[in-house]
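Worksheet: one structure, shown below.
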Amino acid sequence: MGMLLSSQFAALSAAKPEQNAATSVTTYYFAQQVGLMTGITAAKALLIKEMRRGLNVALKDQPGRAKLIDQIMKHRQLMGLVPPALAEPVRLVIQKSYYVSPVISLASLLLAFFLVLKQRDVKTF
């Protein structure tokens, strides 16, 4: 990631007009930080939502499901709170919910990539 950000900064430095140097660099870093914070916040919200959805499905026949889901969400790393018969389904739900963030990130990057390709006249070799 650091190499990518460094190369972006080098490209920005080479392409900017000298009179707009400070504004260009400041805007670049501001957008980068806003994107980072937004991404982390959105990823956390999606993770929690997906985890709750999956637990609702996995524990649908369980009495006291809402309370059990709240306990699991508060203490995801303490599988001892879950009855042994439910430990494996709960573990799978938690594991699968962690796939949501990278999948959405990859899809967003691919979307941006193809939008840029569509807007530019790309010459093939």
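What follows is calculated from the coordinates using simple rules that are stated; it is not laboratory data. Treat the numbers as computed from the prediction; the structure is a model and nothing was measured. Here the Cβ positions follow ideal geometry from the backbone for every residue, glycine too, while neighbour counts run over all protein chains shown.
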Efficiency of FRET between HIS75 and ILE104 - r from beta-carbon atoms, R0 35 angstrom, step 0.05: 0.85
Segment 1-75 pair-distance distribution - Cα-Cα, 10 Å bins, rounded %: 16, 28, 17, 15, 14, 9, 2
ALA21 paired with THR38, simple spin-label distance in nm, labels 7 Å along Cα-to-beta-carbon: 2.9 nm
Among (1) 44, 17, 11; (2) 97, 21, 7; (3) 26, 16, 13, the entry derived from the coordinates for semi-axes √(5λ) of the Cα gyration tensor in Å: (1)
In the chain, lysine pairs with alpha-carbon atoms under 20 angstrom apart (chain gap of 8 or more, or interchain): 9
Ranked list, fewest to most other Cβ atoms within 10 Å of each Cβ, for ASP61, ASP70: ASP61, ASP70
Karplus (6.51, -1.76, 1.60) ³J(HN,Hα), θ = phi - 60°, over segment 46-53, in Hz, Gly and Pro reported as x: 5, 4, 5, 4, 5, 5, 4, 4
Estimated FRET transfer efficiency when R0 is 25 angstrom, pair ALA85-ARG53 (beta carbons, to 0.05): 0.75
Rounded tilt (10° steps) of 100-119 against the dominant C-alpha axis of the chain: 30 degrees
Label point distance in nm, ALA31-PHE113, each placed 7 Å from Cα along Cα→Cβ: 2.0 nm
Order of VAL82, VAL57, VAL25 - criterion: other Cβ atoms within 10 Å of each residue's Cβ, fewest first: VAL57, VAL25, VAL82
Positive minus negative residues near ALA112 (Lys, Arg vs Asp, Glu; Cβ under 14 Å): +2
